[in-house]
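Enquirer: I'd like to ask some things about the structure below.
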Amino acid sequence: MKVPAALIGAGAVALIAAALLLWPALQDRQGRGPRALVTGGDAGGLPRVPAPQEHLDPAALEAAGRDASAAELEALIVLRHDYIVYERFGHAVSADTVIDSGAFAQALVGLATGIAAHDGSLALQALNGFDPARLRAAIEAGARQSYPEYLSLHLWRRLNAAPAWIALPSPGAAAPADCCFHARVADWLRVAIVLLDDGRFEGKSVVPPGWVERMRRPVSADGTVGFGIELAPAARGAERLAADDAFFLRGPGRWRLWLIPTLNMAVLFGARSGGGDESAPWDETRLPNLVIRALSEPPSQRSVGSQLQQLVPGH
């Protein structure tokens, strides 16, 4: 019996649709494992301007991207005053590539904690020290929703970031808050804007004013670690970071997100580790310093002011 061509076509479309629906599950079976979705927003692009408009020397930025400290570069993006001013990619990575951010995720639970403390979902006692697992549990108990749901509703969607996900250690397990957050490279620039602009994104307050200032206060005795972030003294290199107020997120391998509030600048960098060795020595101050020195204007000291006492009395 001859099957009508239209029926064959309809069947093919149905098979393709089914395959698309099943694709995430098929990927899981290929090693991605169970995960919790963090829904996002419209995932639109961030504005761009030429580097000279933000007083950065394009030749100096190109030289930084080709410096020995940027060997095996996968991504180098410079952001200033919320504008992308320079981008360079390698090894098939692009702004839309989804990466496992490693310890970058600690900054997210740090920001979520500030939001939860402000909206009453989190008791102030939870703010003693920085323990991602304890903070996640406190947020979930206070908000009566899972951490991925809270993060999506109160932070990720408000940044208009693309959907992301958190890898789970096992099906049904609690989502870790200190690792395993998978998101597009470009969406970490949205996080950078919030960290630089006192909790604002596109002019709207996402994180309570003064909270990022609280995150930049040392929580370790040696002054190297803040609340979900690392401070300038933690940077390992031949010289100190060229800006005293710099802080950063240290991701897997050679992924870093450096932030310099006085310059309203962020530098996102990722590279393959030398020879695949994650522990290979690497100067993590040289590259951000090269970018800072590409600036042709002197730093203007700005103060975001402290509104922390309104948020957390006694701090």
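The values are calculated or read from the model by the stated rules, or taken from the named source; none is laboratory data. This structure is a prediction, so every number in the text was calculated from the model and none was measured. Please note: Cβ atoms are built from the backbone with ideal geometry, for glycine as well, and neighbour counts cover all protein chains shown.
Enquirer: Looking only at the range 73-114, count how many residues are in contact with a Gly (Cβ under 9 Å, 6 or more places away or on another chain) and among the aromatic types (Phe, Trp, Tyr).
Expert: Total meeting the criteria: 2.
Enquirer: So, one more: Has the range 182-200 got any residue that is exposed (fewer than 14 other Cβ atoms within 10 Å of the Cβ) and more than 17 Å from THR262 (Cα to Cα)?
Expert: No, every residue in the range 182-200 fails to be exposed (fewer than 14 other Cβ atoms within 10 Å of the Cβ) and more than 17 Å from THR262 (Cα to Cα).
Enquirer: Tell me, which residue of the range 138-175 that is on the phi > 0 side of the Ramachandran plot and more than 19 Å from the chain's Cα centre (by Cα) is modelled with the highest pLDDT? Reasoning before the result, please.
Expert: In the first step, residues of the range 138-175 are kept if they are on the phi > 0 side of the Ramachandran plot; the result is 144, 160, 172.
Checking which are more than 19 Å from the chain's Cα centre (by Cα) leaves us with 144, 172.
Details: ARG144: 96, GLY172: 93.
Filtering first and then ranking leaves ARG144.
Enquirer: Just checking, how many residues over the range 215-246 are touching a residue at least 40 places away in the same chain (Cβ under 8 Å) and closer than 19 Å to VAL291 by Cβ?
Expert: 11
Enquirer: Determine, yes or no, whether VAL98 is modelled with pLDDT under 95, β-branched (Val, Ile, Thr) and surrounded by fewer than 16 Cβ atoms within 10 Å (Cβ to Cβ).
Expert: Details: modelled with pLDDT under 95: no; β-branched (Val, Ile, Thr): yes; surrounded by fewer than 16 Cβ atoms within 10 Å (Cβ to Cβ): yes.
No; evaluated as a whole, the condition is false for this residue.
Enquirer: Looking at this structure, is LEU127 modelled with pLDDT of 95 or more, within 26 Å of PHE247 (Cα to Cα) and aliphatic (A, V, I, L, M)? Even if it seems obvious, please write down each step before you answer.
Expert: Details: modelled with pLDDT of 95 or more: no; within 26 Å of PHE247 (Cα to Cα): yes; aliphatic (A, V, I, L, M): yes.
So LEU127 fails the test.
Enquirer: Scanning for something over 16 Å from the mean Cα position of the chain (by Cα), closer than 25 Å to ASP42 by Cα and part of a loop (DSSP other than H, G, I, E, B), does the range 204-217 turn up at least one residue?
Expert: Checked the range 204-217: at least one residue is over 16 Å from the mean Cα position of the chain (by Cα), closer than 25 Å to ASP42 by Cα and part of a loop (DSSP other than H, G, I, E, B).
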